[in-house]
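**Q** Quick one: this structure, given as C-alpha cells, is what I'll be asking you about.
We did not get these values from a lab; they are worked out from the coordinates using the rules stated. Predicted, not measured: the structure shown is a model, and the values here were computed from it.
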Ligand code: SF4
C-alpha cells in the first residue's frame, strides 16, 4: 500500500500568533483605516499616527508580509498604506517582468 502523504494546513492560531505582539493591539483601529471621504490634512495626520505606532512594532515585517501576500486592500499594515503597498506590488511585478526578459 503506498504511503499516504498529507499536507495539513498550518494551524490557524499559529499563523496569527504574531498579532499577539502587535504594537497596535490596544490602539484605536480607526487610526489604521480611513473613513469614507477622508482627505487632506486629517488623512495625513491619521496615517502619520499609524506609522508612528508601526515603527515601534516588533512584528512589523511579519505584518507587512501578511498584508502583501493577502493583498489587503485597506488600511495601514506594517507601516505601509494601501497606496504604498500597491506601489510595492507594481514594482515587484515589474522586477519579475524585467528578470524574465
Ligand atoms: S506593524 Fe503596525 S499594523 Fe502591523 S501589527 Fe505592528 S503596529 Fe499593527
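**Q** Between residue 20 and residue 70, what length in nm is gained on full extension when 0.36 nm per residue of separation is reduced by their alpha carbon distance?
**A** Values: separation 50, 0.36 × 50 = 18.00 nm, distance 1.88 nm.
Gain on stretching residue 20 to residue 70: 16.1 nm.
**Q** Mind pulling the angle between the C-alpha long axis of helix 82-100 and the longest principal axis of the chain? Nearest 10 degrees, somewhere in 0 to 90.
**A** Rounded to the nearest ten degrees, it is 50.
**Q** Return the calculated 222 nm mean residue ellipticity for the chain, to the nearest 500 deg cm²/dmol, obtained by summing -39500 (n - 2.57) across DSSP H runs with n ≥ 4 and dividing by the residue count.
**A** Details: 4 runs with 51 residues, N = 101.
Using -39500 (n - 2.57) per qualifying helix, the result is -16000 deg cm²/dmol.
**Q** Also, I was wondering about something else. Once both axes come from the Cα atoms, what is the angle between helix 40-55 and the longest principal axis of the chain, in degrees from 0 to 90, rounded to 10?
**A** Here the helix axis deviates by roughly 50 degrees.
**Q** If each residue of separation counts as 0.36 nm, what is the full-extension length gain between residue 41 and residue 100 once their alpha-carbon separation is subtracted? Mind dumping the intermediate values first?
**A** Values: separation 59, 0.36 × 59 = 21.24 nm, distance 4.16 nm.
Answer, rounded to one decimal: 17.1 nm.
**Q** If you don't mind, another one. Taking the Cα atoms only, what angle lies between the long axis of helix 60-70 and the longest principal axis of the chain, rounded to 10 degrees?
**A** 70
**Q** When all alpha-carbon pairs of the stretch 24-100 are counted, what percent fall beyond 19 Å? Before the final figure, lay out each step's value.
**A** Details: 1139 of 2926 pairs.
Percent of Cα pairs beyond 19 Å in the stretch 24-100: 39.
**Q** Right, next: Report the gain in length on full extension from residue 28 to residue 88: 0.36 nm times residue separation, minus Cα-Cα distance, nm rounded to one decimal.
**A** On the way: separation 60, 0.36 × 60 = 21.60 nm, distance 2.62 nm.
Computed gain between residue 28 and residue 88 is 19.0 nm.
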